[in-house]
């Protein structure tokens, strides 16, 4: 799995925690994502998506963060990492409103 980082995520982290803690958190998140190479089906469908019939996405947790991904053939695509204390439905609505 290639290590790529989202600049927005890093900026948000740096606003809330010291750089050293942010670096450690990103490393731990990356380690968690790497487990998907060996066990891509270990996650579960996010309940918010399951309720509306969207079943092709899964999530794994690195509390309090949720990592939303999709497996296609043998490839794993990470779609987002977000603070699990926020509601996924709220985040999706915000994103939809921004794209209009």
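Throughout, read-outs are computed from the coordinates displayed, never taken from laboratory work. All figures in this text were calculated on a predicted structure; none of them were measured in a lab. No Cβ is skipped: glycine too gets one built from the backbone with ideal geometry, and neighbour counts run over all protein chains shown.
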Qualifying residues in segment 72-98 (those that are in a strand (DSSP E or B) and touching a strand residue (DSSP E or B) at 6+ places or on another chain (Cβ under 7 Å)) - the one surrounded by the most Cβ atoms within 10 Å (Cβ to Cβ): 81
Tabulated pairs, segment 29-56, first in contact (Cβ under 8 Å) with a residue 24 or more places away in the chain and at positive phi, second assigned to a loop (DSSP other than H, G, I, E, B) and exposed (fewer than 15 other Cβ atoms within 10 Å of the Cβ), C-beta under 6 angstrom, 6+ apart or interchain: none
Tally of residues being assigned to a loop (DSSP other than H, G, I, E, B), touching a strand residue (DSSP E or B) at 6+ places or on another chain (Cβ under 8 Å) and surrounded by 12 or more Cβ atoms within 10 Å (Cβ to Cβ) across segment 11-60: 5
